[in-house]
Amino acid sequence: MSGKRLEGRCALVTGGARGIGASIAEALAQAGASVMIGDILGDLGKQTAASLGKSGAKSGFVALDVTDDAQWEKAAAATVATLGGFDILINNAGIEITSLVVDVKAEDLRRMCDVNIVGTALGMKHAFRAMRPGGAAGKGGAVINIASVAATIAFPSIAGYSGTKSAVDRMTRVAAMEAGKLGYGVRVNCIYPGLIPTDMGMQLAGDIVRLGLAPDANAAVGSVIERTPLGRLAEVGDIADAAVFLASNDARFVTGIGLPVDGGMGM
Ligand SMILES: NC(=O)c1ccc[n+]([C@@H]2O[C@H](COP(=O)([O-])OP(=O)(O)OC[C@H]3O[C@@H](n4cnc5c(N)ncnc54)[C@H](O)[C@@H]3O)[C@@H](O)[C@H]2O)c1
C-alpha cells in the first residue's frame with residue numbers, strides 16, 4: 001500500500017510480535033505511523049519492534065498481557081511516553097482452543113473469554129481514556145478490533161472461539177455508539193479475517209484433522225478454499241491493508257462496522 005496516510009499517528013498493536021499483528025504493525029509503520037507492540041512474547045516482540053525501526057519508523061515494545069487491567073494502564077502510558085501520542089489501537093491479541101461441543105472444557109472456554117473478550121474490552125477502555133478529550137493523548141483516534149469470519153459462519157470445532165469473536169463484534173458496536181455519543185472522537189470498527197496460515201491457523205488445520213473432520217491438513221485447507229469465492233486462503237497483508245484503511249482518514253465517517261476480509265467466505 002503506497003502513501004503516508006498515517007504520518008504523525010501513534011499506534012499500539014496487541015499480539016504484535018508475530019502473525020497478523022506483526023503484519024499490521026509493519027503496514028502501519030509503512031503508512032507513516034509510529035508503532036508500539038504489546039505482547040506476552042518479550043523476545044519476539046522486541047525483535048519485531050526493532051525491525052519496524054529499521055525502516056525509519058519510531059517503534060517500541062511493551063510487555064502486555066491483555067487480560068490484566070494494570071498492565072493495560074502501563075501499556076497505554078508507555079505508548080504515549082515512547083511515541084508521543086496514542087491515536088490508533090489494534091486489539092489483535094487472541095487465542096483459539098479447538099474442541100467439539102461434546103468435549104468442551106470449562107477452563108479452555110474461560111481462557112478464550114479472558115483473552116478474546118476481556119482483553120479486547122480492557123483495550124477499548126484504556127484507549128478511550130487516553131484518546132478522549134482531556135486524556136493523556138487527547139486527540140481522538142481509531143480502535144480496530146480483530147474479530148474473525150468465525151463470528152459470521154458456523155464452522156465445526158470452534159464453538160467457544162466463535163462465541164468470543166461474536167462478542168468482540170457486538171462490543172465493537174456498543175463501544176462505537178458510546179464513543180460517538182459521548183464525544184470521544186474515537187471511531188471503533190472490527191475486521192473479520194478469513195483463515196490465514198499463521199501459527200494459529202495452522203494449529204486449527206491440525207486440530208481439524210485430529211478430530212476426524214478432515215483426512216489431512218491439505219483437505220482441511222481445501223475445504224476452506226472451496227467455500228471461499230475468491231478461491232484462496234487469506235494472507236496477513238490482506239488484513240493489514242484493511243486495518244490501515246480503517247485507521248486512516250479515508251475511513252473518517254466509518255464507525256461501528258464489521259469488515260469481512262475473507263474472500264467472500266462469510267457472505
Ligand atoms: N489466523 C487465522 O486464521 C485468524 C482468522 C481470523 C481471526 N484471527 C484473529 O487474529 C488475531 C491474530 O491471530 P494470529 O493468527 O496472528 O495468531 P498468532 O497465534 O500467530 O499470534 C497471536 C499473538 O497474540 C499474542 N497473545 C496471545 N495471548 C496474549 C495475551 N494474553 N496478551 C497479549 N498478547 C497475547 C501471542 O503471543 C501472539 O504474538 C487473533 O485475534 C485471532 O483470533 C486469526
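A few points about this structure:
- Pick from the range 148-190, criterion outside any helix (DSSP H, G or I), farther than 25 Å from F86 by Cα and aliphatic (A, V, I, L, M), ranking: farthest from the chain's Cα centre (by Cα): A154
- Residue check: A81 meets all listed conditions (1) in contact with a His (Cβ under 9 Å, 6 or more places away or on another chain); (2) surrounded by fewer than 19 Cβ atoms within 10 Å (Cβ to Cβ) but one, namely (1).
Table: residues versus (1) assigned by TED's automatic domain parsing to the domain that holds A17; (2) touching a residue at least 60 places away in the same chain (Cβ under 8 Å); (3) within 11 Å of the ligand (Cβ to nearest atom); (4) closer than 22 Å to D262 by Cβ.
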| position | (1), (2), (3), (4) |
| --- | --- |
| R173 | yes, yes, no, yes |
| G180 | yes, yes, no, no |
| Y184 | yes, no, no, no |
| N189 | yes, yes, no, yes |
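- Annotation: of all residues in the range 56-78 being within 17 Å of the chain's Cα centre (by Cα) and over 21 Å from M112 (Cα atoms), the one that is surrounded by the most Cβ atoms within 10 Å (Cβ to Cβ) is A76.
- Whenever a residue of the range 128-146 is over 29 Å from G19 (Cα atoms) and in the same structural domain as F245 (by TED's automatic domain parsing), its partners that are among the hydrophobic types (A, V, I, L, M, F, W, C) and surrounded by fewer than 24 Cβ atoms within 10 Å (Cβ to Cβ), lying with C-beta atoms within less than 8 angstrom and at least six residues away or across chains, give the pairs R132/L182; G135/F128; A136/A77; A136/V80.
- For the condition buried (at least 17 other Cβ atoms within 10 Å of the Cβ), modelled with pLDDT under 95 and either in contact with a His (Cβ under 8 Å, 6 or more places away or on another chain) or over 22 Å from N116 (Cα atoms) (or both), A251 does not qualify.
- Lone qualifier among P156, P193 - being touching a residue at least 24 places away in the same chain (Cβ under 8 Å) and surrounded by 23 or more Cβ atoms within 10 Å (Cβ to Cβ): P193
- Filter result (farther than 18 Å from A93 by Cα and touching a strand residue (DSSP E or B) at 6+ places or on another chain (Cβ under 6 Å)) within the range 11-31: A29
- Among the residues making up the range 2-53, those that are within 14 Å of the ligand (Cβ to nearest atom), among the β-branched types (V, I, T) and in contact with an Asp or Glu (Cβ under 9 Å, 6 or more places away or on another chain) are V13, T14, I40, T48.
The values are calculated or read from the model by the stated rules, or taken from the named source; none is laboratory data. Computed from a predicted model, the values in this text were never measured in an experiment. With ideal geometry, Cβ positions are generated from the backbone for all residues, glycine too; neighbour counts draw on all protein chains shown.
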